[in-house]
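Written below as structure tokens is the structure these notes are about.
The values are calculated or read from the model by the stated rules, or taken from the named source; none is laboratory data. No experiment lies behind these values; they were computed from the predicted model shown. Positions of Cβ are backbone-derived with ideal geometry, glycine not excepted, and every protein chain shown enters the neighbour counts.
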Ligand code: GLU
């Protein structure tokens, strides 16, 4: 599989071919400001101790504190975390929030840990990194396989070590621990606002057929939001496999089914397909909401969706971008489409800093206005430059980071 960090650097170079980027900025963005690898000793339930490898990459803080989630996954490694950290720097610039980019992770399959072991691991990650984190330094959040409960453990541990109990050093906490209204669904909600803002430009029908790859936080909430708006989910997947159902999936029923069986596979009325078949299913909108490297030069020619909207980070490789652009299939890039998550994270940070609590209506009103403005700005730029949305988004982000670096 392609190394996601090489893909991220190739995306930078690809943006530079359309409109030249400040060469010093491009050079500076080839590597993170700092990358930290830690060993986390964890007491296991059987009395043994296991050591897990963890990471925090602080990519760029020209626009504000490093910001980005923590991923728990068996395939997570330093290259993935570096790619995700660079994307965070660009994403926060696209979203126009006062944050830089960072990312964290642990190489672990969290499904194989007990709840107590997961808590020990999460507290351990904070113990090793408490020095570099902080509300004005580096502000983590959830990502793949990390939840508000994990953020709460981390927040508690950080408070014990530093005495800072404002919660402002970490976002995605649960509501009663200083979390923001709307944070749980913000990634999908932001993606939906972008979809709404751009739908007519894409010439999509009022009622779309939608394939959502992934049924985690982003994927499940996307299935719910698009269904609520009258669209039809015709395929989805989880880490165990994929299903399609041409006459539409009842998302509430699938959610209940998954809760009981632990997978979407076998959902009544659906057909089990491979992940590759799911991505190639005919639909109006394909929403990758799982991991990187899903749409590649191997399958980009077979994608039948009219539009791809990336709720996952890095699901499309640069070669696939070229193929899809050539086929006139717009790809709404991750750094725009999923930026609702970090935007509401930043609202959470702001509320914690000011000791305020905003209503859900306030949060979503602000989010909608922000996503609308950014989506239209990027689409306009792409039209002017006759390029794709990713290159336009990168150029806008790079312009903003470059400006901040000069000010510094
Ligand atoms: N993990 C999310 C992302 O990739 C959210 C990050 C955050 O809220 O800081 O954008």
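Observations
- Matching residues, the range 220-231, being out of contact with any helix residue (DSSP H, G or I) (no Cβ under 8 Å at 6 or more places or on another chain) and either closer than 21 Å to residue 292 by Cβ or surrounded by 17 or more Cβ atoms within 10 Å (Cβ to Cβ) (or both): 231
- Output for the range 244-257, where each listed residue is out of contact with any helix residue (DSSP H, G or I) (no Cβ under 8 Å at 6 or more places or on another chain) and surrounded by 18 or more Cβ atoms within 10 Å (Cβ to Cβ): 245, 257
- Screening the range 324-348 for residues that are in contact with a strand residue (DSSP E or B) (Cβ under 9 Å, 6 or more places away or on another chain) and away from the ligand (no atom under 11 Å from the Cβ) and picking the one that is nearest to residue 65 (Cα to Cα) gives 333.
- Positions within the range 188-215 being part of a loop (DSSP other than H, G, I, E, B) and within 17 Å of residue 244 (Cα to Cα), in sequence order: 208, 214, 215
- If you go through the range 294-321 and keep only what is out of contact with any strand residue (DSSP E or B) (no Cβ under 6 Å at 6 or more places or on another chain), away from the ligand (no atom under 16 Å from the Cβ) and touching a residue at least 40 places away in the same chain (Cβ under 8 Å), you end up with 296, 306, 317, 318, 321.
- Taking (1) in contact with a helix residue (DSSP H, G or I) (Cβ under 9 Å, 6 or more places away or on another chain); (2) surrounded by fewer than 24 Cβ atoms within 10 Å (Cβ to Cβ) in turn, residue 47 satisfies each apart from (1).
- When the helices (runs of 4 or more DSSP H) confined to the range 1-113 are screened for residues that are touching a strand residue (DSSP E or B) at 6+ places or on another chain (Cβ under 7 Å) and within 13 Å of the ligand (Cβ to nearest atom), those reaching at least 2 such residues are found at 78-94.
- For first residues located in the range 161-177 and over 12 Å from residue 351 (Cβ atoms) and away from the ligand (no atom under 16 Å from the Cβ), partners that are part of a loop (DSSP other than H, G, I, E, B) and at pLDDT below 95 and lie 6+ apart or on another chain with Cβ distances below 7 Å do not occur.
- The residue of the range 131-176 that is surrounded by the most Cβ atoms within 10 Å (Cβ to Cβ), among those that are part of a loop (DSSP other than H, G, I, E, B) and at positive phi, is 172.
- Where helices (runs of 4 or more DSSP H) sit wholly within the range 322-408, those with at least 3 residues that are surrounded by fewer than 21 Cβ atoms within 10 Å (Cβ to Cβ) occupy 339-354, 360-385, 389-407.
- Some residue of the range 177-184 being more than 18 Å from the chain's Cα centre (by Cα), within 29 Å of residue 359 (Cα to Cα) and assigned to a helix (DSSP H, G or I): yes
- Flag if residue 278 is part of a helix (DSSP H, G or I) and touching a helix residue (DSSP H, G or I) at 6+ places or on another chain (Cβ under 9 Å): no
- Any hit, the range 121-130, residues being more than 12 Å from the ligand (Cβ to nearest atom), out of contact with any helix residue (DSSP H, G or I) (no Cβ under 9 Å at 6 or more places or on another chain), outside any helix (DSSP H, G or I) and over 24 Å from residue 344 (Cβ atoms): no
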